[in-house]
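The values are calculated or read from the model by the stated rules, or taken from the named source; none is laboratory data. What you are looking at is a predicted structure, and each value in this text was computed from that prediction instead of being measured. Virtual Cβ from ideal backbone geometry, glycine too; neighbours counted across all protein chains shown.
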Amino acid sequence: MFSLTDYDYDLPEKLIAQIPSNRRDHSRLLHLNRTSGELAHRRFSELPDLLKSGDVLVVNDTAVIPARMFGVKETGGRVEILIVNYASAARPPQTGNTVEYECLIKASKAPRPGTRIDFGPELKGQVAAVHERTSTIRFTGQKPFDEILDQIGVMPLPPYIKRDHNAADMGQRDRTAYQTVYATHKGAVAAPTAGLHFSKEVLEQLKNKGVSVATITLHVGYGTFMPIRSEDIREHRMHTEQFIISKASANTVNRAKAEGRRVVAVGTTSVRTLEYATDSTGCLRPGPGSCDLFIYPGFDFKCVDAVITNFHLPQSTLIMLVSAFAGRETVLNAYRCAVAEKYRFFSYGDAMFIE
């Protein structure tokens, strides 16, 4: 149960979704009863039939920034960068539209401190410091940085989506598809992908049924893609992500728990945030914070009663979280079934509803 290989499964590469569904709510939905292990095959548009009046649906309203940019060094070498600390970076008043961010840099030769990078006529960069995995880049623009980033940045699709992210047609489509319909607060460098299936129509149907929607914000970081390197998963240390829970959302969740109604978390990010911020008495605390909670089998859930989630990578912290909620063998059996039925996997793939 604590060995990394305990969370492996065989996945044909052709089942890794490379493009989004034509319609968000037309993705498939595997319904798993975690008590009996029973499985049912549905469409995401049928979710309103599965939730109950009085349920509280908790969604993560973070918005993904176009955090990937391409530039050229003074020597002419091409550079690709990914901003990784947008949400947590200190933001003093900008002087001359200059800001600093920690970035991953991909180049034929790693830039040294002082290296200048040209991102176009309106934005220049300089490597201010080099760290173990990242570099600090100081950006200076002709306009506010966020305005330029929105113009030249590319959505930071995960590495298993292997296609030309610069293609004009798909790049523009990703701007919409790799963002939830309720995205509000900018800061994520990866999407809370379970939320990508929700359309405005499905949300309206849920509200009409008596399902409440509570929002929290957790800015998903690049660390969500970082592999576990220890064979004993208990030795793994999670990356830290910034979150905020409003008093209104905390009150909505706490009232539901007190009245015996279900809290349905959309995505592993919502699960981690809710469980991290729930105290030993079962009360969800409002406020900002930094979440580094690693959930794996043996975890005692205090808040979440049901989960909507995507299908996750083998040996990832995400499949371990789902296994903690529903049981490792139950989850792996569901994944084997999903493979056999040719469900689409990962960020642009299909979904599960676990209750």
*Looking at segment 69-85, which of the residues that are surrounded by 21 or more Cβ atoms within 10 Å (Cβ to Cβ) and under 16 Å from the mean Cα position of the chain (by Cα) is modelled with the lowest pLDDT?*
84
*Scan 307, 271, 322 and give me the residue that is over 24 Å from residue 187 (Cα atoms), of a type in the set (A, V, I, L, M, F, W, C) and under 15 Å from the mean Cα position of the chain (by Cα).*
322
_Unmet criterion (only one of (1) more than 30 Å from residue 250 (Cβ to Cβ); (2) in contact (Cβ under 8 Å) with a residue 60 or more places away in the chain) for residue 114_ = (2)
*Breaking point among (1) closer than 30 Å to residue 102 by Cα; (2) touching a helix residue (DSSP H, G or I) at 6+ places or on another chain (Cβ under 9 Å); (3) among the β-branched types (Val, Ile, Thr), for residue 56*: (1)
*Counting only residues that are closer than 18 Å to residue 317 by Cβ and touching a residue at least 12 places away in the same chain (Cβ under 8 Å), how many does segment 188-232 have?*
21
*Report, ordered by the first and then the second residue, all pairs with beta carbons closer than 6 Å, sequence separation of six or more or different chains, a first member in segment 70-87 that is farther than 14 Å from residue 189 by Cβ and assigned by TED's automatic domain parsing to the domain that holds residue 137, and a second member that is assigned to a loop (DSSP other than H, G, I, E, B) and modelled with pLDDT under 95.*
77/108
*Give the residue that is farthest from residue 260 (Cα to Cα), with candidates limited to residues of segment 61-82 that are among the small types (Gly, Ala, Ser) and assigned to a loop (DSSP other than H, G, I, E, B).*
76
*Name every residue in segment 204-255 that is hydrophobic (A, V, I, L, M, F, W, C) and more than 29 Å from residue 82 (Cα to Cα), in order of residue number.*
206, 211, 213, 214, 248, 250, 253
*How many residues are of a type in the set (D, E, K, R) and over 30 Å from residue 150 (Cβ atoms) when one looks only at segment 22-67?*
9
*Kindly check whether there is at least one residue in segment 177-186 that is at pLDDT 95 or above and part of a helix (DSSP H, G or I).*
yes
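This table checks each residue for (1) in the same structural domain as residue 264 (by TED's automatic domain parsing); (2) more than 19 Å from the chain's Cα centre (by Cα); (3) in a strand (DSSP E or B).
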site	(1), (2), (3)
59	yes, no, yes
99	no, yes, yes
110	no, yes, no
117	no, yes, yes
*Unique residue being surrounded by fewer than 15 Cβ atoms within 10 Å (Cβ to Cβ), at pLDDT below 95 and either charged (D, E, K, R) or farther than 30 Å from residue 7 by Cα (or both) when the list is 162, 207, 200*: 162
*asked:* Being in contact (Cβ under 8 Å) with a residue 40 or more places away in the chain and in a strand (DSSP E or B): is that true of residue 105 here?
replied: no
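Can you tell me which residue in segment 175-187 is surrounded by the fewest Cβ atoms within 10 Å (Cβ to Cβ), limited to those that are touching a residue at least 24 places away in the same chain (Cβ under 8 Å) and out of contact with any helix residue (DSSP H, G or I) (no Cβ under 9 Å at 6 or more places or on another chain)?
Per the criteria, the residue is 184.
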*Taking residue 322 and the conditions (1) under 20 Å from residue 36 (Cα atoms); (2) without any contact (Cβ under 8 Å) to a residue 40 or more places away in the chain, which numbered condition does it fall short on, given that it satisfies the others?*
(2)
*Six or more apart or on different chains, Cβ under 6 Å: which pairs go from a residue in segment 269-288 that's closer than 12 Å to residue 245 by Cβ and at pLDDT 95 or above to one that's assigned to a helix (DSSP H, G or I) and β-branched (Val, Ile, Thr)? Could you list them?*
284/253
_Filtered residues of segment 297-344 (kept if buried (at least 18 other Cβ atoms within 10 Å of the Cβ) and of a type in the set (Val, Ile, Thr))_ = 304, 307, 308, 309, 317, 319, 322, 330, 331
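Please enumerate the residues belonging to segment 3-26 that are of a type in the set (D, E, K, R), outside any helix (DSSP H, G or I) and surrounded by fewer than 12 Cβ atoms within 10 Å (Cβ to Cβ).
Listed by number, the list holds a single entry, 10.
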